[in-house]
Amino acid sequence: MAGNNKTVLVVDGWGRGAALIHKYSQSPQVGKLIAVPGNPLMQINSEIPVKIFPHLTTTSIKEIIEICKKEKVDLVDVAQDNAVEAGLADALEEAGTSAIGPSRLAGQIEWDKAWARNFMKKNKIPHPAYKVFTSKKNAKDYIKRAPNKKYFVKATGLVEGKGALPAENKEKALLAISEMSKFGKAGEKFVIEDWLEGEEFSTFAITDGMSFQIIGSAQDHKRLYDADQGPNTGGIGSSTPPLVVTKNIYKQEESIIRKTILGLAKEGRVYKGLLYLGAIVVNKKVYVVEFNARWGSPEAEVLVPGIKNDLFEISMSVVKERLHKSKILTDRKSRIAVTGSTRPGIETKERELFGLENALKIPGITIYGSRVFPKKGKFFVTAGRLFHLVAEGKNIIEVRKKAYQAMSMLFIEGNNLHYRTDIGWRDMERVYQ
Ligand code: GLY
């Protein structure tokens, strides 16, 4: 009989890592938690101690391996995209530490969007028409000859989820091509794709490289302002389960995930970890917008809490390639995450966040921090995405009511809290129809 003597290290500093730490803290096998770099608010959801290393980054490979040895870590959860690209899972395997998270080669499906599109084409996975470029001049010549329609211009490398530039016409596509320079090396190669008109959602599957299980789906809210206005963010709210995922859509996403995992394995890129399918439904057909090699954020914040299994056990079954022996169960509750940020455009400085403890008193409310710092019994924030407030309940109407009741209790010094007030709007429309 296993006791709670296992140590888990999560490589992430934000809300996604906080949701994973929370879930691992519920495992009867886990007695110690570490996060690199982690954030100080991770501790509020965990009854067991969470040690953080704020001076490190998710790509501090040498230091992470040293921590694993010193702290006798049993499992590392490689949760952040740049750690996958840097080959952290490979380095850990070489050092003899169990890790859940894809190898650098398998993770290319996220960190190289051009490679990923070619892989989809080869494996007959539905995707928009696309063309890869390394020369801006050739790309502009191509657009000048192409029909005047909507495009996406996407940097091939990792740019914190902000590398896909929407272009509503040829003129904007030409501008977006010039803008690829702002992404440095990540934008030296880029993809021009047809803009698909439809409803987006994302689905998350865990796999040991051969078998897989779908954990759930969610809808991200990327634009900064209500009614999907303003610039794209890394994600400023999410909801689950999205009603757009009917049985027919589920079957299609399952087939896409199967083809992807088997296609990768055939190339010797055995994928072990969490696979994120970013999808769009166009006329009842599912197309791949992108694959990511990790949980999304704030999608993890609404899906991870619903997992009923012991996450340590599930992760170890991935490491040991025996996922087919487990059955992942979820609580099937509705959840939304409302992301609190500082008001766009204000200068970065420390400000007090009020009302956190009151908001947490509402049953069914959890807060996953990103940039919230407790100090002398108070909470302070800096800038950017600060926290994700998650409400759970039986349907979208109930969770929206709870979430916004809790949000209304929060306040940032100088009236500087920004959040969207319409998270879950698509399904609000559906439930009332
Ligand atoms: N929320 C989108 C992402 O994590 O990439």
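Looking only at segment 35-73, residues that are in contact with a helix residue (DSSP H, G or I) (Cβ under 6 Å, 6 or more places away or on another chain) and either in contact (Cβ under 8 Å) with a residue 60 or more places away in the chain or assigned to a strand (DSSP E or B) (or both) come to 5 in all.
Exactly one residue out of K150, K144, K137, K122 is touching a Phe, Trp or Tyr at 6+ places or on another chain (Cβ under 9 Å), more than 30 Å from L20 (Cα to Cα), more than 16 Å from the ligand (Cβ to nearest atom) and open to solvent by 50 Å² or more (accessible area, probe 1.4 Å), and it is K150. Among the residues of segment 293-320, write down those that are more than 16 Å from the ligand (Cβ to nearest atom) and of a type in the set (S, T, N, Q). Listed by number, the residues that qualify are N309, S315, S317.
State which residue is farthest from M316 (Cα to Cα) when the search covers only segment 74-99 and only residues that are part of a loop (DSSP other than H, G, I, E, B) and within 16 Å of the ligand (Cβ to nearest atom). Even if it seems obvious, please write down each step before you answer.
So the first thing to find is which residues in segment 74-99 are part of a loop (DSSP other than H, G, I, E, B), and the list is 74, 79-80, 86-87, 96-98.
Right, trim to within 16 Å of the ligand (Cβ to nearest atom) and you get 79-80.
Details: A79: 15, Q80: 19 Å.
Going through the qualifying residues, I end up with Q80.
Does G157 satisfy the condition of being within 16 Å of the ligand (Cβ to nearest atom) and either surrounded by fewer than 22 Cβ atoms within 10 Å (Cβ to Cβ) or hydroxyl-bearing (S, T, Y) (or both)? Yes, satisfied. I'd like the full set of residues that are touching a helix residue (DSSP H, G or I) at 6+ places or on another chain (Cβ under 9 Å) and of a type in the set (K, R), limited to segment 217-254. Result: K222, single match.
Looking at Y287, is it within 21 Å of the chain's Cα centre (by Cα), over 21 Å from Q80 (Cβ atoms) and aromatic (F, W, Y)? Yes, satisfied. When segment 8-35 is filtered for residues that are more than 17 Å from D81 (Cα to Cα) and open to solvent by 10 Å² or more (accessible area, probe 1.4 Å), the ones remaining, listed by number, are H22, K23, S25, Q26, P28, Q29, G31, K32.
Checking the stated criteria, K349 turns out to be more than 26 Å from K222 (Cβ to Cβ), out of contact with any Pro (no Cβ under 8 Å at 6 or more places or on another chain) and not aliphatic (A, V, I, L, M).
Residue-level check: of (1) within 27 Å of Q29 (Cα to Cα); (2) not in a strand (DSSP E or B), I367 misses just (2). Of the residues in segment 283-291, at least one is in contact (Cβ under 8 Å) with a residue 40 or more places away in the chain, away from the ligand (no atom under 12 Å from the Cβ) and among the aliphatic types (A, V, I, L, M).
Suppose the filter is over 14 Å from A35 (Cα atoms) and open to solvent by less than 20 Å² (accessible area, probe 1.4 Å); does L75 pass it? So that I can check it myself, show each step before the final result.
On the way: over 14 Å from A35 (Cα atoms): no; open to solvent by less than 20 Å² (accessible area, probe 1.4 Å): yes.
In short, no.
Tally up the residues in segment 1-26 that are basic (K, R) and in a strand (DSSP E or B), please. Working first, answer last.
At the first step, the residues of segment 1-26 found to be basic (K, R) are 6, 16, 23.
Imposing the further condition that a residue be in a strand (DSSP E or B) reduces the set to 6.
Here the count works out to 1.
Residue count for segment 389-414 under the criterion of being open to solvent by 20 Å² or more (accessible area, probe 1.4 Å), touching a residue at least 40 places away in the same chain (Cβ under 8 Å) and either of a type in the set (F, W, Y) or within 30 Å of E347 (Cβ to Cβ) (or both): the result is 5. Of the residues making up segment 416-433, those that are in a loop (DSSP other than H, G, I, E, B) and within 27 Å of L353 (Cα to Cα) are N416, Y419, R420, T421, D422, I423, G424.
The values are calculated or read from the model by the stated rules, or taken from the named source; none is laboratory data. All values reported here derive from a predicted model rather than from experimental measurement. Don't worry about glycine lacking a Cβ; one is built from the backbone with ideal geometry, like all the others, and counts go over all protein chains shown. Surface areas here come from the heavy atoms of the whole protein model, side chains and all, with no ligands, DNA or RNA. Shrake-Rupley method; radii C 1.70, N 1.55, O 1.52, S 1.80 Å.
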